[in-house]
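Please read the structure below before turning to the comments.
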Amino acid sequence: MVQVQLITRAGWGARAPKQDVPALYSTKGVKVHYTGGRVDPAIVSNHNICVGLVRGYQRMHMDDNGWSDLGYTAAACPHRKVFVGRGPNRLPAANGAGRNSGHYAVLGLVGNAGFVRPNDGLLHGIVDAIEYLRAEGRAGREVKGHRDGYSTSCPGDALYAWVQRGAPRPGGAPPKAPVEELPVVNGIPTWLRPIRLQTPMLAGLDVREWQEKARQWVASLVADGIYGKQSQTACRALQKLFGLPVTGVVDEETWTVTFALES
Ligand SMILES: [Zn+2]
Ligand SMILES: [Zn+2]
């Protein structure tokens with residue numbers, strides 16, 4: 001398994017979002033973008049240019065477009081690094097109105113003048129970002145370009161041709177679909193289950209999702225999306241049943257077991 005070289009938001013000096021970005025629990029896949037415009041060819045030997053570009057896009061999206069945050073889910077640079085943008089499980093804004101809940105948005109730092117030919121580092125970086133979003137954000141198998149279903153030149157002819165070939169790693173085969181590379185536990189492919197869980201979970205869609213599953217054992221539990229006393233009691237009961245530490249908090253293990261034990 002490839003170790004993705006992630007640059008956290010703190011790592012690139014991201015500003016805090018202006019308001020909470022809506023959550024997104026799975027997508028059909030990923031749409032690939034490019035910067036368009038001219039990218040200084042010196043970028044290939046100067047990662048500071050990458051950081052400056054990502055920060056510049058965040059500034060533009062927040063201050064000019066009036067968006068809550070950078071519009072992209074992630075950005076890949078020619079040095080095979082993956083910048084965390086809005087991140088997994090967050091609705092992007094870069095795909096065009098009405099086209100954001102279906103796909104995460106991954107930006108490749110390549111333009112239509114100057115640095116125009118994606119190098120191996122960039123292509124690996126985009127595939128790394130896709131694999132990261134499959135693992136952490138339940139991204140589906142589709143890899144498309146921004147121009148699919150939307151009138152734009154993005155992601156440029158070079159990157160788009162690569163996307164149409166199935167976004168292969170340089171010198172290798174197309175990335176495997178998650179259904180083939182992740183194991184099946186108790187008859188449930190692990191990619192069907194969220195891998196990361198925010199703790200403590202207090203209210204929201206993830207609470208409701210867990211409650212709906214937990215109801216299979218604790219029928220009196222109401223799936224109302226609010227993690228109150230009733231949910232804590234149900235959680236303790238399930239933890240006891242599963243032989244886990246009885247905490248009343250749905251940690252990652254409790255979540256996983258709840259979803260793995262299908263009735
Ligand atoms: Zn685009
Ligand atoms: Zn870079």
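The values are calculated or read from the model by the stated rules, or taken from the named source; none is laboratory data. Computed from a predicted structure; not experimentally measured. Ideal geometry is used to build each Cβ from the backbone, glycine not excepted, and the neighbour counts take in all protein chains shown. Heavy atoms of the whole protein, side chains included, go into the accessibility calculation; ligands, DNA and RNA do not. Shrake-Rupley method; radii C 1.70, N 1.55, O 1.52, S 1.80 Å.
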### Residues being β-branched (V, I, T), within 16 Å of ligand 2 (Cβ to nearest atom) and open to solvent by 30 Å² or more (accessible area, probe 1.4 Å) - total across the range 99-120
0
#### Entry: Residue match in the range 199-207 (condition: at pLDDT 80 or above and within 16 Å of V257 (Cα to Cα))
no
### Query
With respect to the numbered conditions (1) assigned to a helix (DSSP H, G or I); (2) away from ligand 1 (no atom under 16 Å from the Cβ), which one is the sole condition not fulfilled by H79?
(1)
### Task
Out of the residues in the range 134-153 that are touching a Lys or Arg at 6+ places or on another chain (Cβ under 6 Å) and closer than 22 Å to D120 by Cα, state the one that is surrounded by the fewest Cβ atoms within 10 Å (Cβ to Cβ).
E142
### Message
Can you pull out every residue in the range 35-54 that is hydrophobic (A, V, I, L, M, F, W, C) and either outside the structural domain of V106 (by TED's automatic domain parsing) or more than 8 Å from ligand 2 (Cβ to nearest atom) (or both)?
### Response
V39, A42, V44, L53, V54
## Note on the structure
When the range 38-76 is checked residue by residue, the ones that are part of a loop (DSSP other than H, G, I, E, B), within 16 Å of ligand 1 (Cβ to nearest atom) and touching a strand residue (DSSP E or B) at 6+ places or on another chain (Cβ under 7 Å) are G71, Y72, T73
